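Trainee: Sharing a structure, written as structure tokens. Questions coming.
The values are calculated or read from the model by the stated rules, or taken from the named source; none is laboratory data. Here the structure is a predicted model, which is why all the values come from computation and not from measurement. With ideal geometry, Cβ positions are generated from the backbone for all residues, glycine too; neighbour counts draw on all protein chains shown. The protein model used for the area step is the full one, side chains on, heavy atoms only, and it has no ligands, DNA or RNA in it. Shrake-Rupley method; radii C 1.70, N 1.55, O 1.52, S 1.80 Å.
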Amino acid sequence: MTSVVCFGEMLIDFVPDVAGVSLAESTGFLKAPGGAPANVAVAISKLGGSSGFIGKVGDDEFGHMLADILKKNSVNVEGVCFDKEARTALAFVTLKKNGEREFMFYRNPSADMLLKESELNLKLIKQAKIFHYGSISLISEPCRSSHMAAMKAAKEAGLLLSYDPNVRLPLWPSPQAAREGIKSIWNHADFIKVSDDEVAFLTNGDAQKEEVVMSLWFDGLKMLIVTDGEKGCRYFSKSFKGSVPGFSVNTVDTTGAGDAFVGSLLSSIAKDASTLQDEAKLKASLKMANACGAICTTQKGAIPALPTESVAKELIAKSEAK
């Protein structure tokens, strides 16, 4: 049985072979598999969990390469479809000297945007424990309707719904459209992870203020997690709240760090559902998730940088020995 099913996009990230340059300044690019939901699926599998991916890629060299990467990482690919007309999506990603990431996407439309409701593998969803998704699949039809149908099937089957909005403004018609689109499914989730930057974007407020974060809370939400980069993360539930410090590492590329974090945490929840109710278990799981997120920033690309459990435990042990 597949414990966590991730829904959404999988694409190729092209990352400059030299750090700290803009896309225009870069003279060469490294090809790296990416796409937040796919990254999460691989992160779970690398940590010894059981995951599957539902999405669409082009029936092209890149699409088959991506499906093969999922297979090699023991991700269930029964939900992957191939489109004969549209290409696999491409993204050019760079970390500029000021530490900000710059994105340029090629999707007009790309295969992931064209997933139809009739192509959904509902059996894969219904047998899982957790259904995880982002917001990019909400931007255009027919993928939006497919996303809604998959979410409805997961809810009816009693799965935990996990949402990481993963804001990518260049893909939306406008910032306001992004805010409205992301919030349109907000109240359906059981578990939400947002970065401090995303809190600021969604609320137009100071992400460090608790009242600003709690403006995103709603009745029925089980857990809200805010990641604060290398500072760690904050957690909020009906019963408790707190923070868990992060890890200091030599950062090369932050792409996929949030996905490594989410994959680790969902892996813990899938193994032990009481993690969300037990603060001690949650804090231990968040420490592990922080370690996974930190390690993912130490090399270029998302999927190649996702750690195994032993590597993450090694970082935790080194940190505790200091």
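Trainee: Largest first and in whole Å, give the semi-axes of the range 63-113's equivalent ellipsoid, each being the square root of 5 times a Cα gyration tensor eigenvalue.
Mentor: Here the semi-axes work out to 26, 17, 7 Å.
Trainee: Also: Semi-axes, largest first, in whole Å: what does sqrt of 5 times each Cα gyration tensor eigenvalue give for the range 176-228?
Mentor: Semi-axes, largest first: 16, 14, 9 Å.
Trainee: Right, something else. Return the Cα extents of the range 92-147 along principal axes one, two and three, sorted largest first, each rounded to a whole Å.
Mentor: That works out to 46, 29, 13 Å along the principal axes.
Trainee: Can you tell me the accessible area per residue over the range 56-184, all protein chains present, probe 1.4 angstrom, in square angstrom?
Mentor: I get 48 Å² per residue for the range 56-184.
Trainee: Give the dimensionless ratio obtained when the Cα radius of gyration of the chain is divided by 2.2 N^0.38 Å.
Mentor: Working it through for the chain, the quotient is 0.92.
Trainee: Order these peptides, 25-32, 308-315, 58-65, by their mean beta-carbon neighbour count within 10 angstrom, highest first.
Mentor: So the peptides 25-32, 308-315, 58-65, ranked by packing, come out 58-65, 308-315, 25-32.
Trainee: Quick check on the range 1-58: what are the equivalent-ellipsoid semi-axes from the Cα gyration tensor, as sqrt(5λ), descending, whole Å?
Mentor: Over the Cα atoms of the range 1-58, the semi-axes work out to 29, 13, 7 Å.
Trainee: Moving to a separate point now. Based only on the alpha carbon positions, what is the Kirkwood hydrodynamic radius of the range 1-156, in angstrom?
Mentor: Across the range 1-156, the inverse of the average 1/r is 15.9 Å.
Trainee: With the cut-off at 1.5 for a/c, could you classify the range 128-278 from its C-alpha gyration tensor as rounded, prolate or oblate?
Mentor: Because its axes are fairly even, with a/c under 1.5, the range 128-278 counts as rounded.
Trainee: By average Cβ neighbour count within 10 Å, what is the ranking of 39-50, 154-165 from highest down?
Mentor: By packing density, highest mean first, the sequence is 39-50, 154-165.
Trainee: For every helix of n ≥ 4 consecutive DSSP H residues, a contribution of -39,500 (n - 2.57) applies; sum these over the chain, divide by its total residues, and give [θ] at 222 nm rounded to the nearest 500 deg cm²/dmol.
Mentor: Counting only the DSSP helices, I get -10500 deg cm²/dmol.
Trainee: Per the 1.4 Å probe, what fraction of the accessible area of the range 199-322, in percent, lies on carbon and sulfur atoms?
Mentor: Exposed carbon and sulfur together represent 51 percent of the surface.
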